[in-house]
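Visitor: Before I ask anything, here is the structure I am working with.
The values are calculated or read from the model by the stated rules, or taken from the named source; none is laboratory data. All values derive from a computational prediction rather than experimental measurement. Virtual Cβ from ideal backbone geometry, glycine too; neighbours counted across all protein chains shown. Surface areas here come from the heavy atoms of the whole protein model, side chains and all, with no ligands, DNA or RNA. Shrake-Rupley method; radii C 1.70, N 1.55, O 1.52, S 1.80 Å.
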Amino acid sequence: MSSILTSLGRTVLAGFVLTLLIVVLFGSNVGSPGWVAFLFRYLHVLSGVMWIGLLWYFNFVQIPSMPKIPDEQKPAIGKVIAPTALFWFRFAAMATVLTGIILAILNGYAHKAFTLQQPFLAIGLGMWIALIMAFNVWFIIWPNQKRALGIVVVDAELKAKSARTAMLTSRINTILSIPMLYLMVAQQNMGL
């Protein structure tokens with residue numbers, strides 16, 4: 001058991017094996033017409049949890065903690081933790097968007113959702129907000145974080161400006177995450 005828990009890869013694999021065991025032991029509708037859509041919904045939720053979890057980690061933990069960390073310890077965050085977290089953050093955003101679009105296509109509501117038609121107005125608004133958030137991740141936060149973390153070398157003034165831009169855009173995504181999550185849940189539970 002210790003070998004499973006001391007390796008992140010083995011831990012995640014064990015989670016998927018346990019899930020597969022649950023499916024086999026307790027049954028499922030594997031092979032039914034809705035199974036593929038369900039699988040993409042599961043992957044969409046799984047990647048979305050990682051994306052929003054990391055967004056909230058940055059905003060609730062890392063950003064507020066940075067001023068409290070002694071200067072000699074900050075390179076551990078900037079050179080090791082933040083780049084790794086940003087890698088998973090970016091690709092979780094991409095996976096969430098791609099699985100969401102595939103899910104919308106499989107369930108036949110992509111066009112109506114993207115054009116904000118009833119009865120898919122709520123999920124459509126949520127999808128548009130998520131696309132804005134993903135754009136922010138890839139085209140504003142990540143390029144600015146590369147400069148702020150020294151991955152791309154720039155002068156001190158641009159580095160500070162980039163750090164601020166990345167932080168403010170991350171805060172915008174935090175604001176957007178709240179109504180986006182509401183809209184995604186509201187679609188199936190309230191029919192908005």
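Visitor: How much solvent-accessible surface does Glu157 expose, in Å² to the nearest 10, with a 1.4 Å probe and all protein chains in place?
Guide: 150 Å²
Visitor: Can you give the percent of C-alpha pairs in the stretch 101-192 whose distance is more than 14 Å?
Guide: For the stretch 101-192, the share of Cα pairs beyond 14 Å comes to 68 percent.
Visitor: If I take the Cα coordinates of the chain and project them onto the principal axes, what are the three extents in Å, biggest first?
Guide: Its Cα atoms span 57, 49, 25 Å along the three principal axes.
Visitor: A further question follows. Using the alpha-carbon centroid of each, what span in Å lies between the stretch 1-35 and the stretch 38-76?
Guide: So the separation of the two Cα centres works out to 24 Å.
Visitor: For the chain, modelled as a GNM with alpha-carbon contacts under 10 angstrom, which of Phe38, Phe87, Phe58 fluctuates the most?
Guide: Phe87
Visitor: Step through the residues of the stretch 101-117 one at a time and calculate ³J(HN,Hα) from phi using the Karplus curve (6.51 cos²θ - 1.76 cosθ + 1.60, θ = phi - 60°), rounding each to whole Hz and writing x for Gly and Pro.
Guide: Computed from phi, the couplings for the stretch 101-117 are 5, 4, 4, 5, 5, 4, 8, x, 10, 4, 4, 5, 5, 5, 9, 6, 9 Hz.
Visitor: Right, something else. Can you give me the relative contact order of the chain as a percent, contacts being Cα pairs under 8 Å and 6 or more apart?
Guide: The normalised contact order for the chain reaches 21 percent.
Visitor: Leu106: net charge of surrounding residues, Cβ under 15 Å, Lys/Arg +1, Asp/Glu -1, itself excluded?
Guide: +2
Visitor: Let me ask something additional. How many Lys pairs in the stretch 43-183 lie less than 22 angstrom apart by Cα atoms, where the lysines are 8 or more positions apart or on different chains?
Guide: Final tally of qualifying lysine pairs is 11.
Visitor: Keeping every protein chain present and rolling a 1.4 Å probe, give me the accessible area per residue for the stretch 1-90 in Å².
Guide: Normalised by residue count, the accessible surface of the stretch 1-90 is 69 Å².
Visitor: Give me, ordered by chain and number, the residues 5 or more places off Val152 or on other chains with an amide H under 5 Å from its own placed amide H.
Guide: Distant-sequence amide H within range of Val152: Arg147.
Visitor: With angles folded into 0 to 90 degrees, how steeply does helix 35-57 sit against the dominant principal axis of the chain? Use alpha carbons for both and round to 10.
Guide: On a 0 to 90 degree scale, this one is about 20.
Visitor: Oh, and also: Using only helices, what value at 222 nm comes out for the chain when you add -39,500 (n - 2.57) per DSSP H run of length 4 or more and divide by the total residues, to the nearest 500 deg cm²/dmol?
Guide: Value at 222 nm, helices only: -23000 deg cm²/dmol.
Visitor: Rounded to the nearest whole Å³, what is the per residue volume of the convex hull around the Cα atoms of the stretch 149-192?
Guide: Taking only Cα atoms, the stretch 149-192 has a hull volume of 70 Å³ per residue.
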